[in-house]
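Trainee: The following block contains the structure, expressed as structure tokens.
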Amino acid sequence: MYKWLDERLDLQGLYKKVFRKAFPVHHSFFLGEITLFAFIVLVLTGIFLTLNYEPSIREVRLPDGRTVPAAYGSILYIDSLPFGAVIRSLHHWSAHVMIAAAFLHMLRILLSGAYKKPRELNYLVGLALLGLTVVTAFTGYALPYDNYAVTATRIGYGIAVSIPWIGDTLAQVFFGGEFPGSEKSIPRLYSLHVLWLPLTLLAVIGLHLVIMLKQKHTQPRYAERVAPGKILGVPMYPQQAVMMGILFALYVGVMSFIAGAFLAHPVEAFGPPTPNTPAVKPDWYFLWLYGLLQIIPSSWEFRLFGATIGPEFIGGALVPGILAVVGLLLPFVDVRKDKMRYLELPSEHPARTSGVLALLAFLLMASLAGYKIDFQQQGSLLGNNAVLWTLVLGVPLLTYFVSYTLLRVFYGRKAEAR
Ligand code: HEM
């Protein structure tokens with residue numbers, strides 16, 4: 001059978017060309033793979049969920065006599081199935097892991113300069129992947145259609161419609177009309193979440209990996225000492241494939257344990273949507289945006305070419321948009337002439353490393369602002385808008401200058417000594 005196929009498809013040639021590619025052995029290179037594993041688990045658990053979920057807000061009667069939206073009722077049904085709640089939790093926690101791992105993977109790329117020539121294009125593809133992953137997670141938010149899901153999605157709807165000139169079109173595309181209210185919203189978010197966005201993710205992940213295989217990995221610095229001028233690593237098959245298999249099995253094992261021990265998003269506790277807005281906060285990856293919305297005063301509103309620029313647009317779209325543009329421009333501003341072979345060390349690039357630390361400080365402080373109402377209820381100083389603004393702007397600046405100075409003092413001297 002193998003011989004028959006080899007004669008027709010040149011399997012030997014394919015094996016030598018693709019499966020003997022060297023993979024560098026370094027823990028930070030597993031972050032991209034963990035992102036991939038989370039995606040695979042999301043697709044597999046998602047297939048189970050689609051078989052039992054009803055994407056509709058029509059009213060249905062539960063066996064206990066309550067009348068609830070069909071989407072909400074179908075989540076209760078999934079939770080009642082054998083392992084249903086565990087599979088739903090595995091899906092939920094894997095979404096968290098995928099976003100966290102993609103973000104950490106991006107930090108690795110930023111801190112090691114792996115976005116430079118010749119990998120600028122794959123870096124841009126990676127940024128698109130991060131954006132797509134977050135949007136896919138957002139479209140899944142509303143689907144359980146409980147009080148929490150509707151409240152959190154309403155914030156996203158508010159941001160979408162606030163975008164000048166294209167807001168209404170975006171709201172139509174993503175929500176099929178006004179949210180909550182339109183009967184089209186859940187079917188629309190559902191088709192985006194289970195079909196269009198995962199298919200796009202699959203295609204773009206494929207492109208990311210093909211480019212990565214073609215360009216080869218950057219090499220960890222030890223490779224320069226151990227085998228100068230050579231590609232150092234283990235072949236993709238069988239060594240790397242076995243390591244990936246073990247890591248995947250570990251991922252599934254650990255995450256299944258977590259999913260069983262900590263059931264995610266308890267829809268029963270939140271109940272079906274009510275006109276009252278429950279005091280909920282978005283998940284950690286949207287908390288910084290929510291924090292910005294909390295501290296931008298409602299008076300920040302003006303008209304521009306017939307459109308209204310308001311606080312929701314500034315906090316929810318303009319600030320993330322500026323960060324995205326800075327990210328997109330990075331490989332064209334921080335350039336090198338030769339093709340990058342070995343990873344750069346964060347200590348050798350104090351400005352870049354301090355910039356990344358300042359970005360993290362900004363995200364953390366903006367997330368802290370998400371607790372403004374809680375701080376106010378406790379009578380804490382942190383409930384004050386001026387204090388929160390000082391932290392959101394001051395801590396990143398301070399982080400930048402302190403880390404830059406320390407890196408220059410400690411590693412600048414070391415570099416001179418070398
Ligand atoms: C869904 C999201 C993503 C998946 C599944 C993914 C997957 C991977 C995998 C498996 C690798 C090879 C192993 C490694 O270097 O870690 C890789 C490399 C790479 N990724 Fe990603 N990635 C994703 C998002 C991103 C993001 C957000 C960025 C940056 C903005 C990025 C930029 C890169 C670059 C530049 C490389 C080559 C690294 C090198 O040669 O050192 N990726 N990706």
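Computed from the coordinates by the stated procedures, all read-outs in this text should not be read as laboratory data. Please read all numbers here as calculations on a predicted model, not as lab measurements. Backbone-built Cβ (ideal geometry, glycine too); neighbour counts: all protein chains shown.
Trainee: In Å, the Kirkwood hydrodynamic radius of the range 1-41 over pairs of distinct alpha carbons?
Mentor: Working: mean 1/r = 0.0785 Å⁻¹.
After inverting the mean inverse Cα-Cα distance, the result is 12.7 Å.
Trainee: Out of residues 5 or more away from residue 264 or on other chains, whose amide H comes under 5 Å of its own, with H placed 1.01 Å from N in the peptide plane?
Mentor: When sequence neighbours closer than 5 places are left aside, the close amide H contacts are 89.
Trainee: Of the chain, which part is the longest with no chymotrypsin sites (Phe, Trp or Tyr not before Pro) in a loop (DSSP not H, G, I, E, B) and with at most 14 other C-beta atoms within 10 angstrom?
Mentor: On the way: sites that count: 83, 165, 262, 300, 305.
The longest uninterrupted stretch comes out as 306-418.
Trainee: Show the residues, 5+ positions off or on another chain, whose built amide H is closer than 5 Å to the amide H of residue 23.
Mentor: 234, 236
Trainee: Further question on the same structure: For the range 127-281, what's the radius of gyration and Dmax over Cα atoms, in angstrom?
Mentor: Considering the range 127-281 through its Cα atoms, Rg and Dmax are 21.7, 66 Å.
Trainee: I've got another one for you. When Rg is the radius of gyration of the Cα atoms in the range 70-161 and Rh is its Kirkwood radius, what does Rg/Rh come to?
Mentor: A ratio of 1.12.
Trainee: Count the net charge of all other residues whose Cβ sits under 9 Å from the Cβ of residue 70, scoring Lys and Arg as +1 and Asp and Glu as -1. Display every interim value, and only then the final one.
Mentor: Values: positive: 58; negative: 54, 59.
Net charge in that neighbourhood comes out at -1.
Trainee: Send over the per residue convex hull volume for the range 268-308, Cα only, as a whole number of Å³.
Mentor: 142
Trainee: For residue 342, list long-range residues whose amide hydrogen, built 1.01 Å from N in the peptide plane, is under 5 Å from its own amide hydrogen.
Mentor: For residue 342, the qualifying residues are 219.
Trainee: Here is a follow-up. Per residue of the range 9-21, what does 6.51 cos²θ - 1.76 cosθ + 1.60 with θ = phi - 60° give for ³J(HN,Hα)? Whole Hz please, x for Gly and Pro, Karplus curve as stated.
Mentor: 10, 6, 4, 4, x, 4, 4, 5, 6, 9, 7, 9, 4
Trainee: Taking only the alpha carbons of the range 135-199, what extent do you get along each of the three principal axes, in Å, biggest first?
Mentor: 29, 28, 19
Trainee: Work out from phi, with θ = phi - 60° and the Karplus expression 6.51 cos²θ - 1.76 cosθ + 1.60, the ³J(HN,Hα) of each residue of the range 286-301, listed in order in whole Hz, and give x for Gly and Pro.
Mentor: 9, 4, 5, 5, 4, x, 4, 4, 5, 9, 7, x, 5, 6, 6, 9
Trainee: Moving to a separate point now. How large is Rg/Rh for the chain, to two decimals, with Cα atoms and a Kirkwood Rh?
Mentor: On the Cα set of the chain, Rg over Rh gives 1.00.
Trainee: Same structure again: Express in whole angstrom the spacing between the alpha-carbon centres of the range 1-47 and the range 82-108.
Mentor: 21
Trainee: If we restrict to alpha carbons, what Rg and Dmax does the range 1-110 come to, in Å?
Mentor: Taking only Cα atoms of the range 1-110, I get Rg and Dmax of 21.8, 66 Å.
Trainee: For the range 345-418, report the convex hull volume of the alpha-carbon atoms normalised per residue, in Å³, without decimals.
Mentor: With only Cα atoms used, the range 345-418 gives 74 Å³ per residue.
Trainee: Just to confirm the filter: which trypsin sites (Lys or Arg not before Pro) across the range 1-100 are DSSP coil and have at most 16 other Cβ within 10 angstrom of their Cβ?
Mentor: Here the sparse-neighbourhood loop sites are 20, 58, 66.
Trainee: Enumerate the calculated ³J(HN,Hα) couplings along the range 382-392 in order (Karplus 6.51 cos²θ - 1.76 cosθ + 1.60, θ = phi - 60°), each rounded to whole Hz, writing x wherever the residue is Gly or Pro.
Mentor: For the range 382-392, the Karplus-derived couplings read 5, x, 7, 4, 5, 5, 5, 4, 4, 5, 4 Hz, x marking Gly and Pro.
Trainee: Oh, and also: Over the alpha carbons of the range 225-340, what is the largest minus smallest coordinate on each principal axis, giving the biggest first in Å?
Mentor: 62, 50, 22
Trainee: Which entries in 21/230; 281/372; 184/372; 3/214 show an alpha-carbon gap greater than 22 Å?
Mentor: Exceeds cut-off: 184/372; 3/214.
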